[in-house]
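The values are calculated or read from the model by the stated rules, or taken from the named source; none is laboratory data. Treat the numbers as computed from the prediction; the structure is a model and nothing was measured. Positions of Cβ are generated from backbone atoms using ideal geometry, with glycine treated the same way; all protein chains shown enter the neighbour counts.
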Amino acid sequence: MGAGQDGVAGYIAAWAPVAGPPQAAAFARAVVTAAAPGNTGRAKNLLWAASKLAEYGIGLGLQAEPGVLLHPSVIERFAAHGPGLSGPARRTHRTNLRFLGRRVVPHLHPADAPLPRERAKAPYSPAEIDGFLALAAAQPTTARAMRATALVCLGAGAGLIRADLRQARGTDVVRRPGGLVVQVRGRRPRAVPVLGRYHEPLLEAAAFAGDQFLTGGAEQSRPNLTNPLTSSLAGGGGLPALDTSRLRATWLAECAALIGLPVFLHAAGISCCQRLGDITAILDAGGEEQAVALLGGSSR
């Protein structure tokens, strides 16, 4: 053992909390020694977490043994219900205790199986969107051309997907002062501004559909009709396959650029937007007029 490890070992052996049962301190010293942390700072954090866990477990009548207190269920119960801990302290203690569990009782803490993370679909380029609209206009019948055009415009121009896309009717495309919106009437009713470049083709498709579904069919519970439409727009002019998820990604990317989201995230040093939902949930979502102006829905 080197001089550095001798110092860490000595620190662990001499460590004792100001308060708490002696069994808790002894448990903490034993498990942290077994974990062999690399420096005294790391050892201190592990000792505090282990002693707090032991104090909690002893109070419940549990034995102060690694196989009992470092069991995943005990760690989770302590992290959720340990008294007198702030939110950050709970998360930190749980992380440290899981580390100790993997080092000291690894049979109780098998390695997490890596799970695939679905990434955002790549947006289409403007040239690819132009190609899809050209293919839609070249369909053999007017009905097929209007439905295919509506599919592209609703996806890339308003971000509609799945049931919202299938259930949109021609009468749901509405002119507003200064812009064009699609009235979504599904589980999350809302007015979605349509990006300016899609106004004219979508209005033409909406006029053709009238009070019928823009992408075809007659029943609200009908099967997904976008598959034959996407198939009809595949393979022309070297274009990639048409995917409604990529159409929505195209809309998301353009709106993000319009509102300056990349600039904001870079300035804030944010790479993951998980907490932005918590923040925006308490803010005013604004009205339809503001959305039309902000999200590129204004008429040219």
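Just a few scattered comments:
Okay, residues lined up against (1) closer than 27 Å to residue 286 by Cβ; (2) touching a helix residue (DSSP H, G or I) at 6+ places or on another chain (Cβ under 9 Å):
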{"site": "163", "(1), (2)": "yes, no"}
{"site": "178", "(1), (2)": "yes, yes"}
{"site": "185", "(1), (2)": "yes, yes"}
{"site": "204", "(1), (2)": "no, yes"}
{"site": "210", "(1), (2)": "no, yes"}
{"site": "213", "(1), (2)": "no, yes"}
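- Scanning segment 25-69 for residues being among the acidic types (Asp, Glu) and under 19 Å from residue 107 (Cβ atoms) gives a total of 1.
- For segment 116-144, the set of residues classified as surrounded by fewer than 15 Cβ atoms within 10 Å (Cβ to Cβ) and of a type in the set (Lys, Arg) consists of 117, 119, listed by residue number.
- Residue match in segment 100-114 (condition: in contact (Cβ under 8 Å) with a residue 40 or more places away in the chain, of a type in the set (Lys, Arg) and either touching a strand residue (DSSP E or B) at 6+ places or on another chain (Cβ under 7 Å) or assigned by TED's automatic domain parsing to the domain that holds residue 49 (or both)): yes
- Applying the condition of being part of a loop (DSSP other than H, G, I, E, B) and touching a Ser or Thr at 6+ places or on another chain (Cβ under 9 Å) to segment 123-139 and asking which residue is nearest to residue 70 (Cα to Cα) yields 123.
- Residue count for segment 209-258, restricted to those that are surrounded by fewer than 18 Cβ atoms within 10 Å (Cβ to Cβ), of a type in the set (S, T, N, Q), at pLDDT 90 or above and part of a helix (DSSP H, G or I): 1
- For segment 173-203, the set of residues classified as part of a helix (DSSP H, G or I) and surrounded by fewer than 21 Cβ atoms within 10 Å (Cβ to Cβ) consists of 196, 197, 199, 200, 201, 203, listed by residue number.
- Taking the conditions (1) of a type outside the set (Val, Ile, Thr); (2) touching a strand residue (DSSP E or B) at 6+ places or on another chain (Cβ under 9 Å); (3) over 23 Å from residue 252 (Cβ atoms) in turn, residue 167 satisfies each one other than (3).
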